[in-house]
1. Hey, got the Cα dimensions of the range 110-255 along the principal axes, in Å, largest first?
2. Over the range 61-165, consider all pairs of different Cα atoms and compute the Kirkwood hydrodynamic radius from their mean reciprocal separation; express it in Å, one decimal.
3. Could you identify which residue out of D173, D137, D206 has the top mean-square fluctuation in a GNM of the chain using Cα springs shorter than 10 Å?
4. What are the extents of the Cα atoms of the range 49-120 along their three principal axes, listed from largest to smallest and rounded to whole Å?
5. Cut-off 11 Å, label point 7 angstrom out along Cα-to-Cβ of L248: give me the residues of the range 115-147 whose amide nitrogen falls inside.
6. How far is helix 4-32 tilted, in degrees, relative to the longest principal axis of the Cα atoms in the chain, given as a value from 0 to 90 rounded to the nearest 10?
7. Given only helices, namely DSSP H runs of n ≥ 4 each adding -39500 (n - 2.57), what is the per-residue ellipticity at 222 nm of the chain, to the nearest 500 deg cm²/dmol?
8. Most mobile of T104, T91, T219 per a Gaussian network model of the chain (Cα springs, under 10 Å)?
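The numbers here are math on the coordinates, done by the rules we state, and not lab data. What you see is a predicted model, and the numbers here were worked out from it, not measured in a lab. Cβ coordinates were reconstructed from backbone atoms using ideal geometry, including for glycine residues, and neighbour counts include every protein chain displayed.
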Amino acid sequence: MVSSTLRSIFILGLSALLTLPAFAEAEAKAAADPATVIVQKLSAVRPDLGFKVLGESSMPGMYEVQVDGGPILFVAKDGSHFIDGNLYQITPTQFVDIKEIRMTAMRRQIFATYNTDDMIVFKPQGETKAIINVFTDIDCGYCRKLHKEVPMLNAMGVEVRYLAYPRAGVESDSYSKIATAWCAEDPNQALTDFKTGKNPSFAVCDDNPVASQFALGGTIGVNGTPATVLMDGTLLPGYRTAADFAQLLGLDVQAN
């Protein structure tokens, strides 16, 4: 007669055998899912970062992965290698920047619904014919130069929407200055005062959007100021004159 102890061991062993296929199936499924493999391998090395698989790249065997608050990576489907940089597709007529296609679509979607209450907006007095979203910094000479173009841009019907991008980071005087402008009773005037050399005393409120806008800039490809995002998602780094914007936006300057 089989003892109760041996019977228990037999039952436990049989139970394990019965459940083994289920575990094996789950593991096989996870191994067969490149997105799961990629996130697991990236997270094992950098658990402090968040990774989101956006989908397959046009390059066979590669997936596009968004790093939270960081760049888009191109990662091998087995998670063994990644490319941190631009990937180009060779077509019969041109080289196509694959990352920029994805980033342009992302920027277009973001700014189609972005809350303008979190921006400092300079609107035309008449009809708004175009909109530009400008990441700006107080301590940026070309940002100050661009700000001098705002009245002319407004006169042409261009609405200028500012977002904060303190290049020195959120633990800097640049952050305190631009956050003070966002927190002011009259943000437009405060921003203009800073950009024209006046230095109001710092008054940073707790609920200002500067840190989140700074992080947003990093996510969508901003790495300097001024950086302008058009409503179609195009990113234009650097300074441009009002006349340059008029040409880019297809505006008839002579009609104004």
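1. Its Cα atoms span 43, 30, 26 Å along the three principal axes.
2. On the way: mean 1/r = 0.0597 Å⁻¹.
After inverting the mean inverse Cα-Cα distance, the result is 16.7 Å.
3. Fluctuation is largest for D206.
4. Extents along the principal axes, in whole Å: 42, 36, 17.
5. Only 132-135 pass the distance filter.
6. 40 degrees
7. Working: 9 runs with 108 residues, N = 256.
One gets -13000 deg cm²/dmol as the mean residue ellipticity at 222 nm.
8. T91
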